[in-house]
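Enquirer: First, the structure itself, so that you have it in front of you.
The values are calculated or read from the model by the stated rules, or taken from the named source; none is laboratory data. None of the values given here were measured: they were computed from a predicted structure. Counting neighbours? That spans all protein chains shown, and the Cβs are built from the backbone with ideal geometry, glycine included.
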Amino acid sequence: MASHSAVLGVGGGIAAYKAAELARQLMERGFAVNVVMTAAAQEFVRPLTFAALTGRKVVTEMFGNGGADEVLASSVEHIRVAEENQILVIAPATADLLARFAHGLANDFLTTLYLAFEGPVVLAPAMNSAMWNHPATQANLEILRQRGHHILPPDAGPLACGTTGPGRLPEPARIAEFALRVLTQRHDLDGETILITAGPTREPLDPVRFISNRSSGKMGYAIAEAAAQRGARAVLVSGPVQLEPPAGVELVRVQTAREMRDAVLKHLAESSIIVKTAAVADYHVANVPSQKVKKTAMRLSLELDPTPDILAEVGLEIERRASGQLLIGFAAETENVVAEARRKLQAKKCDMVVANDVSADGTGFESDENEVVLALRTGEVTPLARASKRVLADQILDQALKLRLALHKSR
Ligand code: PMT
C-alpha cells in the first residue's frame, strides 16, 4: 500500500522519456503516482507507457472526448486530482511550462491543476542551455522560487540538441529522492530568517588576477538548503562558486571580503541564526593597480592588508545588542582542531564553532562529505561522524536549536 501520493506532470521535451523511470523511482519510495501529460509530452512518449508502469489512468486532456456527462465530469477532474495528491512533481519542466506556471495561465489540464494545487511543488527543468540561460526563463524561475516552489536545477552535460551545457534532466532517482525529502521535511524553522555565508572570496591583484582559496561552497549551500527545507527564509551570501542556488533560498552574490561584510551586516538584524561557513580571504592587496600588472624578469612583492574579520565583528555586534541571535562560525584547521575551535569560539564571541580538519582526505574543502567537531558556548564538544555535507547540515541545525534552548533556559 502506497504511503504518499504524487501527481507527476510530464512536459513536452526530449527528457520526457526519463519521466517513465521517474514514475518507477517514485513508486519505489512509496508513492502512488498519477501521471498528467501535456499534449506536447505525448509527442515524445505514449500515455500507455505510464499507465502500464503506474497501473493508473493517465490524464491527457482537459475535457475528454465523450458526451456531455464526460465533459462535465472531466471539467472538475483537476480539482479532484489536486485535492487527492500530496505533491506535484513536474519533470521535465519545459521553458513553456515554467512560463505558464509563473504567469498563472490555465490553458490545459496540467496548468489548471497547478493553479488548483495547494501542496508542495517540485520543478525539474530540462531544456537547451540557451533556453535555460535566457533572461525570460530565469525571470520565470525567480517568480516560482519566490513562490516557494522547490526547483531542482538541471545537470550540465551533452544535450539532445548537440550542444553541451546546463539543461539535462537530473537522474530520476535524484528527483524522486528530492520529492520525498520535500514531502517529509520538518518545519521547525518556520518563520525564522537564517543568514548563511558560503564559498571563497576573491581579492583582486589587478583587473584580471585575484587571490582566493579552494572553497566550493558545498558546505554552506547544504546548510542553506536544509534551512529552507525546514521552513526558514534562508539568505545565502555567497562568494563565486559553480553551484546553482538551492530551491527557495535567497542568493546574494559577492566577490570580496568587504562585499561579504556589507551583505552580512545588511541582513544581520533580521536574522535569528547566522552561520559563517565562508572561507573569507584574510588579506587583500593594499593598493590594487588599475591596469594589468606587466610581466618582467624582476621579483614582484605584494603588500597585503588584513580583510575585515566579519565573524568577529558580528560577534561584537550581537553581544552589544543582547539580541538572542545565535552565531555559528566555522574553523578550517590542519592541527589541534578542538583547541583551535575553542579558541575561535572565545575570540570571535560565537555560540558554536564547527571545526573541520581540512588536511584529511575526502572531507573539508571541495568534497561532498565532511567530518566536524562542534565546540559549544556551554563548554561541550560534540563530534559529528563523517557524512554527506547535506546530512551534516541538518545535524548542525539540530544542534543549533538544542543549544539555543539550553542558552535560553540558563538566562
Ligand atoms: O566550501 P566547501 O568546499 O564545501 O568547504 C567547506 C569549508 C572547508 C570552507 C568549511 O567547512 C569551512 O571550514 N569554512 C571556514 C573556512 C575558514 O575560513 O575558516 P577560518 O578558520 O579561516 O575562519 C574562521 C571563521 O571566521 C569562519 O567562520 C570564517 O567564515 C570567518 N572569517 C574568517 C576571516 C575573515 N576575514 N572573516 C570571517 O568572517
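Enquirer: Within the set of pairs 6+ apart or on separate chains, which have a first residue in region 293-308 that is over 16 Å from ARG209 (Cα atoms), a second that is within 16 Å of the ligand (Cβ to nearest atom) and in a loop (DSSP other than H, G, I, E, B), and C-beta atoms under 8 Å apart?
Expert: Listed by first residue and then by second, the contacts come to ASP305/ALA286; PRO306/ASP282; THR307/THR201; THR307/THR256; THR307/VAL280; THR307/ALA281; THR307/ASP282.
Enquirer: Just need a number here: residues in region 317-343 that are within 12 Å of the ligand (Cβ to nearest atom), in a helix (DSSP H, G or I) and in contact (Cβ under 8 Å) with a residue 24 or more places away in the chain.
Expert: Residues that pass the stated criteria total 2.
Enquirer: Which residue out of LEU189, LEU144 is assigned to a loop (DSSP other than H, G, I, E, B) and over 20 Å from ALA20 (Cα atoms)?
Expert: Exactly one residue qualifies, and that residue is LEU189.
Enquirer: Pick from ARG181, ARG168, ARG202, ARG186: which is touching a residue at least 40 places away in the same chain (Cβ under 8 Å), within 16 Å of the ligand (Cβ to nearest atom) and among the charged types (D, E, K, R)?
Expert: The conditions single out ARG202.
Enquirer: Need the failing condition index for ASN213 against (1) over 15 Å from the mean Cα position of the chain (by Cα); (2) assigned by TED's automatic domain parsing to the domain that holds GLY12; (3) not aliphatic (A, V, I, L, M), just the number.
Expert: So the condition that ASN213 fails would be (2).
Enquirer: Now for a different question. Can you say whether LEU113 is in contact with a Gly (Cβ under 8 Å, 6 or more places away or on another chain) and either closer than 27 Å to ALA160 by Cβ or at pLDDT 90 or above (or both), as far as the supplied structure shows?
Expert: The answer is yes for LEU113.
Enquirer: State yes or no: is GLU313 at negative phi and over 19 Å from the mean Cα position of the chain (by Cα)?
Expert: So GLU313 fits the description; yes.
Enquirer: Can you find a residue in region 221-230 that is part of a loop (DSSP other than H, G, I, E, B), at pLDDT below 95 and either buried (at least 17 other Cβ atoms within 10 Å of the Cβ) or within 8 Å of the ligand (Cβ to nearest atom) (or both)?
Expert: yes
Enquirer: Only one of these is surrounded by 19 or more Cβ atoms within 10 Å (Cβ to Cβ), in contact with a Leu (Cβ under 7 Å, 6 or more places away or on another chain) and assigned to a strand (DSSP E or B): VAL314, VAL353. Name it.
Expert: Selected residue: VAL353, the only one of VAL314, VAL353 that is surrounded by 19 or more Cβ atoms within 10 Å (Cβ to Cβ), in contact with a Leu (Cβ under 7 Å, 6 or more places away or on another chain) and assigned to a strand (DSSP E or B).
Enquirer: For region 282-290, check the following and say yes or no: at least one residue is modelled with pLDDT of 95 or more, in the same structural domain as LYS389 (by TED's automatic domain parsing), charged (D, E, K, R) and over 17 Å from the mean Cα position of the chain (by Cα).
Expert: Yes: one or more hits.
Enquirer: Let me ask something else. When you scan region 295-305, do you find a residue that is in a strand (DSSP E or B), under 25 Å from VAL381 (Cα atoms) and within 12 Å of the ligand (Cβ to nearest atom), even just one?
Expert: no
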